Each structure stands twice: as structure tokens, then as C-alpha cells.
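S.K.: Have a look at the structure that comes next, please.
The values are calculated or read from the model by the stated rules, or taken from the named source; none is laboratory data. Fair warning: this is a prediction, and the values are worked out from it, not measured in the lab. Cβ placement follows ideal geometry from the backbone for every residue including glycine, while neighbour counts extend to all protein chains displayed.
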Number of protein chains: 2
Amino acid sequence: MAASPDSKVFRATTTAPVNIAVIKYWGKRDAVLNLPTNSSLSVTLSQRSLRTLTTASCASFYPAQDELILNGKPQDIQSSKRTLACLASLRSLRREIEASDSSLPQLSAFPLRIVSENNFPTAAGLASSAAGFAALVRAVADLYQLPQSARDLSRIARQGSGSACRSLMGGYVAWRAGSLEDGSDSLAEEVASQSHWPEMRAVVLVVSAEKKDVPSTEGMQTTVATSNLFATRATTVVPERMDAIETAIQNRDFPAFAEITMRDSNGFHATCLDSWPPIFYMNDVSRAAVRLVHDINRAVGRTVCSYTFDAGPNAVIYYLEKDTELVAGTIKTILGEKSEGWEGPFYEPLKNLTAPGVALDQVDPRTVELLKDGVSRVILTGVGEGPVSVDDHLVNEKGDAIYH
Amino acid sequence: MAASPDSKVFRATTTAPVNIAVIKYWGKRDAVLNLPTNSSLSVTLSQRSLRTLTTASCASFYPAQDELILNGKPQDIQSSKRTLACLASLRSLRREIEASDSSLPQLSAFPLRIVSENNFPTAAGLASSAAGFAALVRAVADLYQLPQSARDLSRIARQGSGSACRSLMGGYVAWRAGSLEDGSDSLAEEVASQSHWPEMRAVVLVVSAEKKDVPSTEGMQTTVATSNLFATRATTVVPERMDAIETAIQNRDFPAFAEITMRDSNGFHATCLDSWPPIFYMNDVSRAAVRLVHDINRAVGRTVCSYTFDAGPNAVIYYLEKDTELVAGTIKTILGEKSEGWEGPFYEPLKNLTAPGVALDQVDPRTVELLKDGVSRVILTGVGEGPVSVDDHLVNEKGDAIYH
């Protein structure tokens, strides 16, 4: 005997990935709609390493106000305009399909209870908002059985957190800046699937910040308003790089991908430094990671790794699986036994590492020292797929949140 | 009885100052003639703190090849195209006046012996080439009794070391980039004399570099060739800043002077970071100095100090004499008793310092720690005059070099 809609808890659960941009999003042309000044491109990281798990549920008997519980903590949803904007857009789409088919349960009228958990500590310094909003939008869209594609939903996720739109897809994902005022053409597109170039790997060097960073929303507004160099980046440099890196991805041309990635990271941080007051996200340990990558590439005689830095000191180092020993092996040797985070789904090729990858006398000794002292944890991962629908619900059949 | 020209040693001795740019010279449009991509502007620093002392001498009986002795070490003058270019230009001007007046001794035909000493250690990390070439050109011009003005001579000094052209004058000095291919309009001009705004002070925080920097000649060529943001700086940003800072100097408007100085330093280092491979001159200690300056200005509630960084990690902090306690006092309190270099001609207002300037709880504690650990020496100085003719010869009447 099926429960009546009045007592039933409707649920949908999804995972969503983290993404790390190789062409950076920095600067909004519209702060309310989260419309960027330039297009960006990212690699979706494997959910075997990092993922957000989110259950969206609704029931007629839930308390009237929508609820959101993140990592066990109830959030004040009413104070988050961005969350409210996402939920309003999703409800409106649900209302459309309910209006056209009266047999459907009127879920749009039910209060929501959304429960979400990250499998990685916030202290890892990885922006979790992208995965978080992507999971929220995907889960509610699944709950509402919306017909919209990931591309369509990316418009909604974008309003939650700009870069969240890129976490709705796997592989290599572009966020087209678009040009329309209503933002309807500002959305994410898969440039290439994970299976097109599955060998991409990434190791994140987790560097503790000396000081709390300028939050990225505030920082990017400062840059747009004050940097004399920013307009050149947004209007000239990035469009050329977008074309070039898409070609590199299509051709699986790692050296080209790597150089564009490094140059875009440097150019983004250059506009931060050119802001007023200046914004610094990279520190001496970050710069040591830059030097290490250049030293490894020089020692090997070809480009086997590249760095990129978001709005913080952590280095994300991309490389291809075949070069694991040369890149991750060298880093592991430098960081030594005490460094954490190596084990996991991507550990296998490093397990029986005998040689140190690149001989350490090829690396500047001060670089080695800075990394050894400044990096205590890594995250070893690789390119991955987009959100996945799962049955591991965080809300039980009665509607109660389950805390893992 | 006067010595005959054959046995006489002709001598002229001058001092020359260091200058620190507030609008940076970075990028050559002609590497042989040392023609810059953009104009620049500097403050000439007092020779009571830092100076090069140079004697130019010539005698018919000197060995045939010109000699140059720097800080007691004979230099291989033939391998320094830049030195040869300066000497050839000066000799040519001497030849012109000898041709028009046959009563003059034919000094242009005599070999030169030039002896030069800095009163500051190279380890201080201050580019000594500007003062060195300015002193060399000024001393030889004096030896040759050339009628050319400092402005005219700056064209010659520029060929030795670009920024040397600005050390031929005191006060506030612009180097006009010029546009002619032969470089004849690329020269230095005094924007304002020392006496126009004599209250300008500077404290140099000497920061040891973690690694040898990319030499500036190489670095600037890399930036011009590779930075996507550099052209905007050279063609748009700097020309506007030159106008604005000249106005600030004319009006003795320290807050405007300070903000332009800080922004230009940041913009210059931004183009370094945007170069390929990236160039880093500032380190965590440099960035702590940046934060300190912003913290002091915020705590005081007005702009009382500004930072600027050349191609290295040292901070040069400008302030006005009346704000000595607030700026130098705060820095002295932070660096503590063990820091060296405070005493000297500018020490007086700090001697009986009772208050720490700005209360240290107004400064980020990590900033204090980084500066305390990373800065062991300061140079306390201020705006100063241009080269001065002196009798403190480094070559005796017999033509022998005197080593102090």
C-alpha cells in the first residue's frame, strides 16, 4: 500500500565533484546573477577522492520553512540569497511541469529538507561551495524530476556560486561568460568528457595560509574595480587562452595544456597583486611549488607537470598518469614519510616507488626545504565524472536527517 | 713650476647618489642603447647615507689601456661594452672642445684610470650600478671639463645603466622614455629639486633573498617578450601615473605620491609574475612589509607611508619627516634592538623615541613575526642632492690608486 502524498517523504540523492579551474574565473560583470567578466575552464576532479553528497527531500508535513543541513549543521537558509535564488528557480521549473500534468504530486508546494556532507575537511583549503551548490541543484532537480539538462541547470547553480556551474559535468568543462544581461547564455558546457582524456592526474599540495585570505567574492570585486591590468586579461588574454586550451584538450596535448594553465594562474595572481589594496594568495611555499614544477620539467626535458593556484596558497599540480613517478614520485620523496594523504584510489602507481622520480639534486635545495616545512598534506586525485545519482540517502524514509 | 702635460696627472672626483624609482623602469625597447619602454621617476637618496665616490684621472704615462678599479678590484673594462660606450662618448665630446681650442691639453688621447668606491656593502642589496655609472660619467665629464649639462650627460650614463641617468640629478627625477630611434630624447630631467620637498624620508628594509634573483636586464627582456599584461602597463598605465605623480610632487601631496608609488610597484611586480617563466622578486617578508604599511596607514587614519620594491625583496618605505615616529618608530619597535643601521645622519628624530609609533596591536602579529625574523638591517635616509664635486681623490698626484 503506497503512502499517500501527505505522509510520504520524497527523496533524491546525488554526489557532486570539486573542480579546479585551469582558466580562472575572477571578476563579475553582474554580482547578483553571478555573471563573470570572462569565460573559464576547469577539470572536474574524481569523486573517489573528493565529493559532496546531498539528499534533497520534501514532504507535506515538514516545517513550513525550507531547511538546509551542511556537515551536520543547520544553516540559516533565509540569510543566503544565493541558496534562496537556486531553490526559487528549481521550484518554478517544478511548478511548470506540475501545471502541465495534474497527476503529478505538488512537490513544489512542499517544504524542502536538504542534507549535505563533504567527504573532505574544510581545513583542506579546497573551495567546497562549487561542489556544494552543484549537488544541491542536481539533487533538487532530481527530486523534482526536472527534464532540464545539466547545461540548463548550470545556469541555476551559477547563481549559487559561480564556479558551481562547472561541477554539474565531468571531464573538461567550460563556463561560457555569455553576453546577455539576464545571464541566460552564461552556462557550463562539457568541452571533453573524462573518457576523452582519462589520464589527467592532480596532486593538491595543501599549504597552510599565514593569514586569512581575502574572500574571493570581495577580492574579485576589488580587482575589477581597481586593477589597471585586469581589463586586458578579461577582454584579450583569456579569450585567446580559452581557444588554445580547448584545442589542447581536444588534441590531448599536455605540454600546451600545462603551459596555458600555468600562465593563466600567474596572470590571475598578477591581477590580484595589481589590485588596490593588493591581494596576495600565494606565499613562499606556493612559490616553491612553482619552482619545483619548473625544475622537474627542466630536469625531464619536457613538460610533464603544471601548477595552478586558486584564491589561496594551495598548489594543484596536474600531470599525466604515465608521468606519475616523475611528478608525484618526486613530490612524495621531497615531502617524506610524514606527509599525509597519499593513500587512496590513486595511490597504486606510487606504492612501490623505488626511484625518487627526478633526482633531488636537480631541484633547488631551498625549494625542497620550503616544501618539506610548508606542506603537510596532499590530495592525490585525477579527472573525474560529473554528479552521480545514488541511493545513499542522508534523509531516512521518515524524513529525519541521517548524520554519518 | 707647473708640471708639463706629459708628467702631470689630471684628476676630477665626484660623488653620486643612489636613486629609488617610484615609477619603475622595466623593459627596454632597445637593448644596446638602453632605451626604455616607458618613462620612470625616482627619488634621489641622500649621499650622507649612500654614495659612490669616483675619481677619474688621466695621464700620458699611464698604461695604454683604460683602467677601472671598483672597490679595490681592477675590472676587465674591455669586456664591459656599457663602460666602453660611456667612455667613448665622453672622449668624443672632449675631442670636440680640444679641436676648437688648441691650447687645451689633449686629454682625450691619454689613457684613463678611474677609481671608484661605494660606502655601502654590495650585500645591502641595493643596485649600485646606477650610482656607479652616474659617478663615472660625472667624474670623466669633470676631468674633461665638458660644458654639457647633467641632462645632456644623462644620455651617456643611460647607456651604462638605464637607471644611472636618474642619479645625475638630485631631488625628484624623471627619465623621459623619448621616442627617437637614436635615443637622443631619452634622458633624465629634474622634476623638482630636493629643496622643493626636502622632508621626504626613506627607510630601506634589507631582506635577504632566498635565492639569487633573475638579473634585471634578463628579467625585463623576459617580461617584454612574454607578459600579456606588460604592453598595457607600458603604453597606458605608466604614462597616466607619470603625470599624476609629477603633479603630486609639485603639490607636495604625500598621500597621492604614496598611493601611486605603491600601485606602480605592485603593477611592476604583477608583470613580473605574468612573465614566462614567472619572475618573483618579493617574498613573504616583502609582503609582510606591504601589510605593515597598509596597517600603519589604516591605524593612523591617513596615508603616512608607502612601499616600493625593485628587482629584489628589499622594501623601501617612503614617509615624511614629521611622521618619523609613526613610521620609522613603529618599524624600529618591531625590529627591536638587534636590528642594525638606524644610526647615522637621519637618526636624530628616532633617538629619544618613547612611544612605539603605532600601537603594535594594530599590526597583524604574523607580519610582526615575519619582519622581525626576516629583516636584520635597515638603511635610514631621505631625499638628497645630485653628484657633488669633491677633493677627496682616490688617485694621488703621482697617479696611484688610493684604497681607503
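S.K.: Tell me, please, whether a residue that is assigned to a loop (DSSP other than H, G, I, E, B), at positive phi and surrounded by 12 or more Cβ atoms within 10 Å (Cβ to Cβ) can be found in segment A:391-404.
M.R.: Yes, because at least one residue in segment A:391-404 is assigned to a loop (DSSP other than H, G, I, E, B), at positive phi and surrounded by 12 or more Cβ atoms within 10 Å (Cβ to Cβ).
S.K.: Identify the single condition in (1) under 24 Å from the mean Cα position of the chain (by Cα); (2) over 20 Å from B:Trp175 (Cα atoms); (3) of a type in the set (Gly, Ala, Ser) that B:Ala244 does not satisfy, given that it satisfies every other one.
M.R.: B:Ala244 satisfies all of (1) under 24 Å from the mean Cα position of the chain (by Cα); (2) over 20 Å from B:Trp175 (Cα atoms); (3) of a type in the set (Gly, Ala, Ser) except (2).
S.K.: Report yes if B:Leu104 is touching a helix residue (DSSP H, G or I) at 6+ places or on another chain (Cβ under 9 Å) and under 30 Å from B:Phe309 (Cα atoms), otherwise no.
M.R.: Values: touching a helix residue (DSSP H, G or I) at 6+ places or on another chain (Cβ under 9 Å): yes; under 30 Å from B:Phe309 (Cα atoms): no.
Criteria not met by B:Leu104.
S.K.: Restrict the check to segment B:210-224 and report whether at least one residue is without any contact (Cβ under 8 Å) to a residue 40 or more places away in the chain and within 13 Å of chain A (Cβ to nearest Cβ).
M.R.: Yes, the conditions are met somewhere in segment B:210-224.
S.K.: Output the number of the condition that B:Val238 fails; it satisfies all remaining conditions of (1) free of Cβ contacts under 8 Å to residues at least 24 places away in the same chain; (2) crowded, with 24+ Cβ neighbours inside 10 Å; (3) not assigned by TED's automatic domain parsing to the domain that holds B:Leu45.
M.R.: Going through the list (1) free of Cβ contacts under 8 Å to residues at least 24 places away in the same chain; (2) crowded, with 24+ Cβ neighbours inside 10 Å; (3) not assigned by TED's automatic domain parsing to the domain that holds B:Leu45, B:Val238 breaks only (1).
S.K.: Same structure, new question: Can you report the number of residues in segment A:90-122 which are surrounded by 11 or more Cβ atoms within 10 Å (Cβ to Cβ) and assigned to a loop (DSSP other than H, G, I, E, B)?
M.R.: Number of matching residues: 8.
S.K.: Being within 30 Å of A:Tyr62 (Cβ to Cβ) and of a type in the set (A, V, I, L, M) is true for just one of A:Ile379, A:Ile402, A:Ile334. Which residue is that? Reasoning before the result, please.
M.R.: Numbers: A:Ile379 fails: within 30 Å of A:Tyr62 (Cβ to Cβ); A:Ile334 fails: within 30 Å of A:Tyr62 (Cβ to Cβ).
On inspection, the qualifying residue turns out to be A:Ile402.
S.K.: OK, next. Check off (1) away from chain A (no Cβ under 14 Å); (2) outside any strand (DSSP E or B); (3) farther than 27 Å from B:Ser79 by Cβ for B:Thr261 and give me the number that stays unchecked.
M.R.: For B:Thr261, the failing item is (1).
S.K.: Moving on to the next point. Would you kindly identify the helices (runs of 4 or more DSSP H) lying entirely within segment A:276-379 that contain at least 1 residues that are within 12 Å of chain B (Cβ to nearest Cβ) and surrounded by fewer than 21 Cβ atoms within 10 Å (Cβ to Cβ)? Working first, answer last.
M.R.: Numbers: elements: A:284-300, A:330-335, A:348-351, A:365-374.
Hits in segment A:276-379: A:284-300, A:365-374.
S.K.: For residues that are hydrophobic (A, V, I, L, M, F, W, C) and closer than 22 Å to A:Arg48 by Cβ, tally how many sit in segment A:138-156.
M.R.: Step one: filter segment A:138-156 for residues hydrophobic (A, V, I, L, M, F, W, C), giving A:139-141, A:143, A:146, A:150, A:153, A:156.
Keeping just the survivors that are closer than 22 Å to A:Arg48 by Cβ gives A:139, A:150.
Adding up the residues that qualify gives 2.
S.K.: If you don't mind, another one. Just to verify a result, which residue in segment A:264-275, among those that are at the interface with another protein chain (Cβ under 7 Å from one of its Cβ atoms) and either aliphatic (A, V, I, L, M) or out of contact with any Lys or Arg (no Cβ under 7 Å at 6 or more places or on another chain) (or both), is farthest from A:Val224 (Cα to Cα)?
M.R.: A:Asn266
S.K.: When you go through A:Ala192, A:Ala202, A:Ala188, A:Ala248 one by one, which is the residue that is free of Cβ contacts under 8 Å to residues at least 40 places away in the same chain, more than 13 Å from chain B (Cβ to nearest Cβ) and under 26 Å from A:Phe346 (Cα atoms)?
M.R.: Numbers: A:Ala192 fails: free of Cβ contacts under 8 Å to residues at least 40 places away in the same chain; A:Ala202 fails: free of Cβ contacts under 8 Å to residues at least 40 places away in the same chain; A:Ala188 fails: under 26 Å from A:Phe346 (Cα atoms).
Every option except A:Ala248 fails the conditions.
S.K.: In the set A:Val224, A:Val207, A:Val214, which member is surrounded by 15 or more Cβ atoms within 10 Å (Cβ to Cβ), outside the structural domain of A:Ala150 (by TED's automatic domain parsing) and in contact with a Pro (Cβ under 8 Å, 6 or more places away or on another chain)? Step through it out loud before you land on a result.
M.R.: Values: A:Val224 fails: in contact with a Pro (Cβ under 8 Å, 6 or more places away or on another chain); A:Val214 fails: in contact with a Pro (Cβ under 8 Å, 6 or more places away or on another chain).
Testing whether each residue is surrounded by 15 or more Cβ atoms within 10 Å (Cβ to Cβ), outside the structural domain of A:Ala150 (by TED's automatic domain parsing) and in contact with a Pro (Cβ under 8 Å, 6 or more places away or on another chain) leaves just A:Val207.
S.K.: Give me a count of the residues in segment B:55-74 that are in contact with a strand residue (DSSP E or B) (Cβ under 6 Å, 6 or more places away or on another chain), among the polar types (S, T, N, Q) and modelled with pLDDT of 95 or more.
M.R.: Our first condition is that a residue be in contact with a strand residue (DSSP E or B) (Cβ under 6 Å, 6 or more places away or on another chain); within segment B:55-74, this holds for B:55-58, B:62, B:66-71.
Next, only the ones that are among the polar types (S, T, N, Q) stay: B:55, B:57, B:71.
Filter once more, so that each one left must be modelled with pLDDT of 95 or more: B:55, B:57.
Matching residues across segment B:55-74 total 2.
S.K.: Which of the residues belonging to segment A:347-404 are of a type in the set (D, E, K, R) and farther than 30 Å from A:Arg113 by Cα?
M.R.: The initial filter retains those residues of segment A:347-404 that are of a type in the set (D, E, K, R), namely A:348, A:351, A:361, A:364, A:366, A:369, A:372-373, A:377, A:385, A:391-392, A:397-398, A:400.
Those that are of a type in the set (D, E, K, R) and farther than 30 Å from A:Arg113 by Cα: A:Glu348, A:Lys351, A:Asp361, A:Asp364, A:Arg366, A:Glu369, A:Lys372, A:Asp373, A:Arg377.
S.K.: Taking the condition within 16 Å of the chain's Cα centre (by Cα) and surrounded by fewer than 20 Cβ atoms within 10 Å (Cβ to Cβ), does B:Glu189 pass?
M.R.: Against the criterion (within 16 Å of the chain's Cα centre (by Cα) and surrounded by fewer than 20 Cβ atoms within 10 Å (Cβ to Cβ)), B:Glu189 qualifies.
S.K.: A follow-up question, please. For segment A:65-111, how many residues are more than 23 Å from the chain's Cα centre (by Cα), farther than 23 Å from A:Ser7 by Cα and in contact (Cβ under 8 Å) with a residue 40 or more places away in the chain?
M.R.: 1
S.K.: Does segment A:249-262 contain at least one residue that is surrounded by fewer than 19 Cβ atoms within 10 Å (Cβ to Cβ), touching a strand residue (DSSP E or B) at 6+ places or on another chain (Cβ under 9 Å), polar (S, T, N, Q) and modelled with pLDDT of 95 or more?
M.R.: yes
S.K.: May I pose another question? Collect the residues in segment A:85-120 that are of a type in the set (Phe, Trp, Tyr) and at pLDDT below 95, keeping them in residue-number order. Quick ask: steps written out before the conclusion?
M.R.: We begin by selecting, within segment A:85-120, every residue of a type in the set (Phe, Trp, Tyr); these are A:110, A:120.
Selection gives A:Phe120 alone.
S.K.: Let me ask you something else. Within segment A:52-74, which residues are closer than 22 Å to A:Pro387 by Cβ and surrounded by fewer than 24 Cβ atoms within 10 Å (Cβ to Cβ)?
M.R.: A:Leu53, A:Asp66, A:Glu67, A:Leu68, A:Ile69, A:Leu70, A:Asn71, A:Gly72
S.K.: Related question: Out of (1) at pLDDT below 95; (2) more than 21 Å from the chain's Cα centre (by Cα), what's the single condition that is false for B:Leu292?
M.R.: Going through the list (1) at pLDDT below 95; (2) more than 21 Å from the chain's Cα centre (by Cα), B:Leu292 breaks only (1).
S.K.: Can you list the strands (runs of 3 or more DSSP E) lying wholly within segment A:1-89 that have 3 or more residues being within 19 Å of A:Phe133 (Cβ to Cβ)? I'd like the intermediate steps shown before the answer.
M.R.: On the way: elements: A:10-16, A:19-23, A:28-30, A:40-44, A:52-58, A:67-70.
Passing ranges, in order: A:10-16, A:19-23, A:40-44, A:52-58, A:67-70.
S.K.: Taking A:Val207 as meeting all but one of (1) over 28 Å from A:Leu371 (Cβ atoms); (2) over 13 Å from the mean Cα position of the chain (by Cα), write down the number of the exception.
M.R.: Result: A:Val207 passes all but (1).
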